[in-house]
Amino acid sequence: VTGKPLADGVDGMDWTTLQDTAAACQACDLCRQRKKSVFGVGDVQADWMVIGDPPGEDEEQQGEPFAGQAGQLHDNMLKAVGLARQAHGEGGVYITNAVKCRPPGRNPTLQELSTCAPYLARQVALVQPKVIVVMGRFAVQSVLQSSEPLGKLRGQLHTFQGIPVVATYHPSSLLRTPADKAKAWVDLLLALKAVRGQ
């Protein structure tokens, strides 16, 4: 069943076609146990785009990125910089994951990250945000193509498709290590500066 090539023309798809194609994708092993793909939520014309690590069980059940306790912290982090998951226009944000299906009880492989990368690249191209915030090690690997530790990559601007990228901790990591919340706040302020062109 798996190992089928990615659908042709992902880089030219509109939102609906892209979402439907991702939901039916069988290009990697993650489709085998998929209950529901987690495509993304929010304002598709937002200045901010947040890309998180692969979905977990809560995300898969709800079909939305950043669910459960980590989702509550994520929403509070967004609120602190004037953003809201449900907002459109000013204050809007588009939220997605590095891969669209939940790896069952394990980390995603590099192959799975790279197989799903065209969907992510197309989402970025459609949103055209002013800043991308990547949260977590696998989101960083997928977007920045780097295996450097997150601690070395945060605190500076990177680029993806010509768009400024800020790397920071995933909310689930911040729940485990609350001392890093101050660092994540500094990262969000860096993203805020990038959006304002400072």
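Relative to the 2.2 N^0.38 Å rule of thumb, the chain has a C-alpha radius of gyration ratio of 0.95. Overall, the chain carries a charge dipole of about 440 debye about its Cα centre when +1 sits on the Cβ of Lys and Arg and -1 on the Cβ of Asp and Glu, all other atoms neutral.
If you take all other residues with their beta carbon under 10 Å from the beta carbon of residue 196, and give Lys and Arg +1 and Asp and Glu -1, the sum is +1. Kindly provide the GluC sites (Glu not before Pro) of the stretch 47-140 that DSSP labels as loop, not H, G, I, E or B, and whose Cβ sees at most 14 other Cβ atoms within 10 Å. Within the stretch 47-140, the qualifying GluC sites (Glu not before Pro) (loop, at most 14 other Cβ atoms within 10 Å) are 90.
Local charge for residue 132 was computed over the other residues whose Cβ lies under 13 Å away, with Lys and Arg +1 and Asp and Glu -1, and equals -1. Label the stretch 1-67 by shape, choosing from rounded, prolate and oblate, from the square roots a ≥ b ≥ c of the eigenvalues of the Cα gyration tensor; if a/c is under 1.5 it is rounded, and otherwise prolate applies when a/b is larger than b/c, oblate when it is not. It comes out oblate by the Cα gyration axes.
Projected label points at residue 32 and residue 58, each 7 Å from Cα along the beta carbon direction, are separated by 2.8 nanometres. Here the stretch 1-140 has 45 percent of its accessible surface on carbon and sulfur atoms, given a 1.4 Å probe and all protein chains in place. By a 1.4 Å probe calculation restricted to protein chains, residue 94 has an accessible surface near 10 Å², given to the nearest 10.
Computed about its Cα centre, the charge dipole of the stretch 135-198 is approximately 120 debye, with only Lys, Arg, Asp and Glu carrying charge at their Cβ.
Under DSSP H, which helices of the chain have Cα atoms covering 20 Å or more of the helix axis and a Kyte-Doolittle average no less than 0.5? Don't skip to the answer; put the middle values down first.
Numbers: long enough: 110-127 (25 Å, 0.67); 181-195 (21 Å, 0.98).
Length and hydropathy pass: 110-127, 181-195.
Charge dipole of the stretch 40-110 (Cα centre as origin; +1 on each Lys and Arg Cβ, -1 on each Asp and Glu Cβ, all else neutral): 140 debye, rounded to the nearest 20. Report the one residue of 162, 27, 198 whose Cα lies farthest in the direction of the positive end of the charge dipole of the chain (charges on C-beta: Lys and Arg +1, Asp and Glu -1; origin at the Cα centre). Value: 198. Rounded, prolate or oblate: which fits the stretch 146-185 when a ≥ b ≥ c are the square roots of the eigenvalues of the alpha-carbon gyration tensor, with rounded for a/c under 1.5 and prolate only if a/b beats b/c? Taking the square roots of the gyration eigenvalues as a ≥ b ≥ c, the stretch 146-185 is prolate. When the Cα gyration tensor is reduced to axis lengths a ≥ b ≥ c, the ratio a/c is 1.5 or higher for the stretch 15-114, and with a/b above b/c it is classed as prolate. Towards the positive end of the charge dipole of the chain, with charges on Cβ (+1 Lys, Arg; -1 Asp, Glu), say which of 99, 10, 88 has the farthest Cα. Of 99, 10, 88, it is 99. The count of lysine pairs in the stretch 1-139 that are at least 8 places apart or cross chains, and whose C-alpha atoms lie under 18 Å apart, stands at 4.
The values are calculated or read from the model by the stated rules, or taken from the named source; none is laboratory data. Since the model is a prediction, treat every value here as computed from it, not as a measurement. Cβ atoms come from the backbone with ideal geometry, glycine included; neighbour counts cover every protein chain shown. Please note that ligands, DNA and RNA were not included when accessible areas were found on the heavy atoms of the full protein model with its side chains. Shrake-Rupley method; radii C 1.70, N 1.55, O 1.52, S 1.80 Å.
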